[in-house]
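So the structure is just underneath, and the comments pick up after that.
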Amino acid sequence: MKFRCRWWQWFVILTAASSSLMVFAQARPFPGPDVQQIYQRLLPQVEKIPIFDHHAHPGFPDDPDVDAMAAPPGSAALRERDSNLELVAAAKALFGYPYNDFSPEHAKWLVQKKAELKKSQGNAYFSNILDKLNIERSVANRAMMAGYLDPKRFPWVFFADAFMWPFDNQQQRSRNPDEQVYIPLQEKMLHRWMQQAQLNRPPADFAGYLSFISSTLEENQRRGGIAMKFEVAYFRSTKFSNPPRQQAEQIYQHYVNGGVPAADDYRIFQDYIFRYLISEGGRLHLPVHIHSAVGIGDYFNISEANIMNLENILRDPRYSAVTFVMIHGGYPLEREAIWLAAVKNVYMDSSLMEIAMYPSEFKNSLKQWLETFPDKITFGTDAFPYNDVLGAEESYWLGVQSARQGLAAALAEMVSMGEVSESKALEMAHGYLHDNAIRIYEGKVQ
Ligand SMILES: [Zn+2]
């Protein structure tokens, strides 16, 4: 049968063709005038997404276990100073703080308010903070877990660096004033792992030391640990060579009972232990978190900690069963770092980035990530108690607000420039704030 279109049928066909052409048109280089409207539409939807915070240090300011190390004196970047008035907005939102500054007189109000809430709410205090911010769960990257944190809401990520420091560390301590703060705390951490294993001293032979490491990882996993974390960039270069076991064993036997190791010997030993730890992360299905960014303290060595130093590890097929999470996303090298997420078992975490940068700039970094490997990026706050007045609470607030705004803005631009549809944008938002991280811990967290 011959089919002839009537004029209105042609109209329907042409309209459909032109709208499908729009879908397949090339993306534009500038957002259109609709970008603000799209942002206003996306932001409330982004706010409704329950968050999985992939990296934080929850705890009260007087709790020494919020980290395995302590902050040395040093210059904080502009937005990370406790003089940041955005933190006033945080205190108002979370506690109804009635003042517009943190003068010592006014700050007393906040300290007292938190003390009252802590007393009346008990162990629910920090869970209630998460509820206020629509955070479903927050990783507690802590030396040890605290009884006042609900483990269902705060899955534990423990520290694994201390196993790399079993010898006399006087040479390392003398490197700079920051190491004088850090290294005794690593020694303390190792001592706590030994106590947990009922050891008074490191095992006499190397095989015993390796089995002590493995059993500690297993025990921490039994105690609820979902991942191990390295902050090794604070102590030494993150370039790891590949020494044979025999060499590491000889060094261990030489120094386990005393003597200050030569710097090269210590480094080689640590290179072996680091690789052993991450291999165990593969065997135990225990993801490996690595601090991969600039750090606190004026002696932090950025070039030694360059995330690209880890490329030989991340792209090594022997570690393909290990899930790596690059904490802080290599910042300020996040543009390069995202390409490491091409490796199927490597993920990025944006904690610290959304605090160190204002949303105007964070938006650009996040957009580049969303445009590259959107299914491999995860959100974190790096919430941490600033001081006795400003705690992890305000820090959570600032991280969450900044990330939601930066995310909605990045996605609004991408929609306006014809890169993604609005529904795809929301799917990416769910991935970044929640789903991508949850996939990593399948079966271990809800
Ligand atoms: Zn941290």
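FYI, it's all coordinate maths here, none of it is from the lab. It should be emphasised that the depicted structure is a prediction, and the values quoted were computed from it without experimental measurement. All Cβ positions, even for glycine, are placed from backbone atoms using ideal geometry, and neighbour counts span all protein chains on display.
Things to note:
- Cleavage-rule hits, trypsin sites (Lys or Arg not before Pro), the stretch 61-109, DSSP coil, Cβ neighbours within 10 Å at most 15: Arg81
- With contacts taken as Cα pairs under 8 Å at a separation of at least 6 residues, the stretch 298-373 carries a relative contact order of 30 percent.
- Taking label positions 7 Å along the Cα-Cβ direction at both Glu419 and Gln196, the computed distance is 4.1 nm, reported to one decimal.
- Here each label is just a point 7 Å from Cα along the line to Cβ, and for Arg315 and Glu442 those points are 2.7 nm apart.
- Computed helical MRE - 222 nm, the chain, DSSP H runs ≥ 4 contributing -39500 (n - 2.57), nearest 500: -14000 deg cm²/dmol
- Separation of the Ser279 and Ala27 label points, Cα + 7 Å toward Cβ, nm: 4.1
- Charge-dipole axis of the chain as Lys and Arg at +1 and Asp and Glu at -1 on Cβ define it, positive-most pick from Gly32, Pro155, Ala233: Gly32
- Pairwise FRET efficiency - Lys344 versus Gln40, Cβ, R0 = 60 Å, nearest 0.05: 0.95
- Over 21 Å [Cα-Cα, the stretch 67-163], rounded percent: 52
- Length-normalised contact order for the chain - Cα pairs under 8 Å, 6+ apart - percent: 23
- Stokes-Einstein D in µm²/s, Kirkwood radius over Cα pairs - the stretch 224-356 at 20 °C with 1.002 mPa s viscosity: 137
- Each part reduced to its alpha carbon centroid, the stretch 137-166 and the stretch 290-369 end up 21 Å apart.
- Restricting the trypsin sites (Lys or Arg not before Pro) of the stretch 125-190 to loop positions (DSSP other than H, G, I, E, B) with no more than 11 neighbouring Cβ atoms within 10 Å leaves Lys152.
- Applying a threshold of 32 Å to the alpha-carbon distances of Lys113/Lys363; Lys152/Lys344; Lys92/Lys424 flags Lys113/Lys363; Lys92/Lys424 as lying beyond it.
- What the pair-distance distribution of the stretch 28-440 shows, using all Cα-Cα distances binned every 20 Å from zero, is 27, 56, 17, 1 percent.
- Neighbour-limited loop hits for trypsin sites (Lys or Arg not before Pro), the stretch 304-413 (at most 16 other Cβ within 10 Å; DSSP other than H, G, I, E, B): Arg315, Lys344
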